[in-house]
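A short worksheet on the structure shown next.
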Amino acid sequence: MDWNNVDLSSPSERDANILDPLSFDILLLEVSCNVREINEQTVRAQFMESLNSKIESAKEVFEANIKNITKEAVRYRAIP
């Protein structure tokens, strides 16, 4: 899939997540790999870093596709 030009007429691409999920398993793996001393403060810092990274990535995908999204929203509204 071309994240810089998502085909919103394709059901599989339309159903794709704009924001990647962050599960407990993923967070625990990231903490295990990236955090030297594990405590509430460092786990929180890792969570915030992961979350902010995912948000920035989602913003980039959104901006790359704003024309496609707008075009599809107008077309969607016109459907009776």
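Shown is the FRET efficiency for Glu49 and Asp25, computed with R0 = 22 Å from the Cβ-Cβ distance and rounded to the nearest 0.05: 0.80. In this simple spin-label model, placing a label point 7 Å from the Cα along the Cα-to-Cβ direction at both Met1 and Ile66 gives a separation of 2.1 nm.
The value of relative contact order for the chain, using C-alpha pairs under 8 Å at least six residues apart, is 44 percent. Just from its helices, what would the mean residue ellipticity at 222 nm be for the chain, if runs of 4 or more DSSP H residues each count -39500 (n - 2.57) and the sum is divided by every residue, rounded to the nearest 500 deg cm²/dmol? It lands at -21000 deg cm²/dmol. For the chain, the longest principal axis of the C-alpha atoms and the axis of helix 40-64 are separated by about 20°.
Relative to the longest principal axis of the Cα atoms of the chain, helix 66-78 runs at roughly 50 degrees.
Relative to the longest principal axis of the Cα atoms of the chain, the long axis of helix 24-34 lies at roughly 50 degrees. Note on the chain: Cα Rg divided by 2.2 N^0.38 Å, N the number of residues, gives 1.48. Rounded to the nearest 20, the size of the Cβ-charge dipole of the chain about its Cα centre is 420 debye, with Lys and Arg at +1 and Asp and Glu at -1.
We did not get these values from a lab; they are worked out from the coordinates using the rules stated. All figures in this text were calculated on a predicted structure; none of them were measured in a lab. Backbone-built Cβ (ideal geometry, glycine too); neighbour counts: all protein chains shown.
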